[in-house]
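As structure tokens, the structure follows; a few thoughts come after it.
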Amino acid sequence: MKICSAKVIVTCPGRNLVTIKIETDEGVYGIGDATLNGREKSVVAYLEDHVIPTLIGKDPHRIEDIWQYLYRGAYWRRGPVGMTSIAAVDVALWDIKAKVAGMPLYQLLGGKSRDKVMVYGHATGLDIDSCLEEVQKHVDRGYKAVRVQCGIPGIPTTYGVSKTPGQPYEPADSSLPAEHVWSTEKYLNHVPSLFAAVRKEFGEDLHILHDVHHRLTPIQAGRLGKDVEPYHLFWLEDCTPVENQSSYEWIRQHTTTPLAIGEVFNSLSDCQELIQRQLIDYLRATISHAGGITNVRRIADFAANFHVKTGFHGATDLSPITMGAALHFDSWVPNFGIQEHMPHTEETDLVFPHAYQFNDGFFTPGEVPGHGVDIDEVLAAKYPYQPAYLPVNRLEDGTIWNW
Ligand code: CS2
Ligand code: MG
């Protein structure tokens, strides 16, 4: 079997999504998610100009060799653009191999370790009461785990809360990045009351998650972790950026609140110290940005030695292909933690028909050969690319901060 062609499909059914489709001389094709939110065109160029020409004529079954070729052969290793590109090719090749084998992809990884995959949904609100209403909606749909985010009194916008209920909180503008304003002090003084309200309303068993979105310093994160211990969160996510991984030591020393990080990671070197020093509890690095199934499997296996579980990123800027591939991985991986789930738009689900299904707070990946997700190219063409930026964040004094 040979790869005879490959192409990149860009579509915008509510937000930009990038897909690589790899076709073989035996008529079997595979697809992979190549979306990098706000930098989509960078990955399109990387794939079209530097990857696809090297794939033609290769044996698609040689997944590892192609992964090594694209990683080591690039010379310039790691980074979100290159690793998202490699991930997209990798997932498409796993899709082909599973289709040829006539098996759902999880079988090729080693079979199921669980019958269903626990997911968490997003409950957001401009204030605590409106967030509680969203939590109730998730509980009514059977979610066992809910991420809660609410507006902060005194600042006009904050992460994870859209001005229009039910609308995405990003990307905000297509012309240039929207500029948000942030106050750590106002946030730290307010957000513990959100969790207190959720526990008071919904009791002790609901898993509560929260995304700090890179906005604290380590010692501020230590304060927050300690302040919220009475509400025993499932995790605090992305407390602080970790160009310096050992900074998590200052958080760990102050709190038993579980810590999750890594949706922006793309290689083991981004998190090796965090894992082996057990500075975190959940790793968010996911298939579409961390080099695909081939690479994330290596990272997850390494993490299993240090009590670190998976908690894949699963926002709507990761296409249904990533959701599909992740659910197969989640079904197999022994050190599974939880899977993020943000529903895509109806248009997106029509462009990407899929076998995975939601039921009472859990997902199943589906039993069709491959990762179980396809792309309707005719429908995809109806949604042309629309330039869109992630917001930029500033402190109240104008200092650029982490969004
Ligand atoms: C967020 C993401 O889902 C999450 O945990 O951090 O929605 C993130 O803001 C976007 O994926 C950025 O593209
Ligand atoms: Mg996050």
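Computed from the coordinates by the stated procedures, all read-outs in this text should not be read as laboratory data. What you see is a predicted model; the values in this text were computed from it and never measured. Here the Cβ is made from the backbone with ideal geometry for all residues, glycine too, and neighbour counts use every protein chain on show.
Pulled fully out, how much extra length does the chain show between residue 42 and residue 379, if you take 0.36 nm times their separation in residues and subtract their Cα-Cα distance? Each step should come with its number before you reach the end.
Values: separation 337, 0.36 × 337 = 121.32 nm, distance 2.35 nm.
Fully extending the segment from residue 42 to residue 379 adds 119.0 nm.
Please identify the helices of the chain, taking whole runs of DSSP H, that span at least 20 Å along their own axis as judged from the Cα atoms and have a mean Kyte-Doolittle score of 0.5 or higher.
Flagged H segments are 80-101.
Go through 21/99; 21/97; 116/137 and tell me which ones have a Cα-Cα distance over 19 Å in this structure.
Values: 21/99 14 Å; 21/97 14 Å; 116/137 21 Å.
Table pairs above 19 Å Cα-Cα are 116/137.
Multiplying the sequence separation of residue 56 and residue 358 by 0.36 nm and subtracting their Cα-Cα distance, what value in nm do you get?
Gain on stretching residue 56 to residue 358: 105.0 nm.
Along the Cα→Cβ direction, 7 angstrom out, place labels at residue 219 and residue 72. What is the inter-label distance in nm?
That separation, rounded to one decimal, is 4.6 nm.
If R₀ is 51 angstrom, what is the calculated FRET efficiency for the pair residue 264 and residue 25, using the beta carbon separation as r and rounding to 0.05?
0.85
Using the Cα gyration tensor of region 108-367, with a ≥ b ≥ c the square roots of its eigenvalues, what is the shape: rounded (a/c below 1.5), prolate (a/b larger than b/c) or oblate (neither)?
Rounded, because the longest to shortest axis ratio a/c is under 1.5.
Over region 108-367, what is the relative contact order in percent, taking alpha-carbon pairs closer than 8 angstrom and at least six residues apart?
RCO, region 108-367: 20 percent.
At R0 = 25 Å, how high is the FRET efficiency between residue 141 and residue 200 if r is their beta carbon distance? Nearest 0.05 is fine.
0.75
Between residue 276 and residue 229, what is the FRET efficiency for a Förster distance of 25 Å, r being their Cβ-Cβ separation, to the nearest 0.05?
Using R0 = 25 Å, I get an efficiency of 0.50.
Testing the spin-label approximation: label points 7 Å from Cα along Cα→Cβ at residue 115 and residue 127. State their distance in nm.
4.5
Once you have the Cα-Cα distance between residue 174 and residue 4, take 0.36 nm times their residue separation minus that, and quote the gain in nm to one decimal.
Here the segment from residue 174 to residue 4 would lengthen by 57.6 nm.
Helix-derived [θ] at 222 nm for the chain: sum -39500 (n - 2.57) over DSSP H runs of at least 4, divide by residue count, nearest 500? If you can, show how the numbers build up before the last one.
Details: 14 runs with 135 residues, N = 403.
That calculation yields -9500 deg cm²/dmol at 222 nm.
Compute the separation of the alpha-carbon centres of region 262-303 and region 59-86 and state it in Å as a whole number.
With region 262-303 and region 59-86 each reduced to a Cα centre, they are spaced 17 Å.
As an exercise, identify the GluC sites (Glu not before Pro) in region 231-304 lying in DSSP coil whose Cβ has no more than 15 other Cβ atoms within 10 Å.
Answer by residue number: 243.
What's the magnitude of the charge dipole for region 123-251 around its Cα centre, counting Lys and Arg as +1 and Asp and Glu as -1 at the beta-carbon? Answer in Debye, nearest 20.
The calculation lands at about 160 debye.
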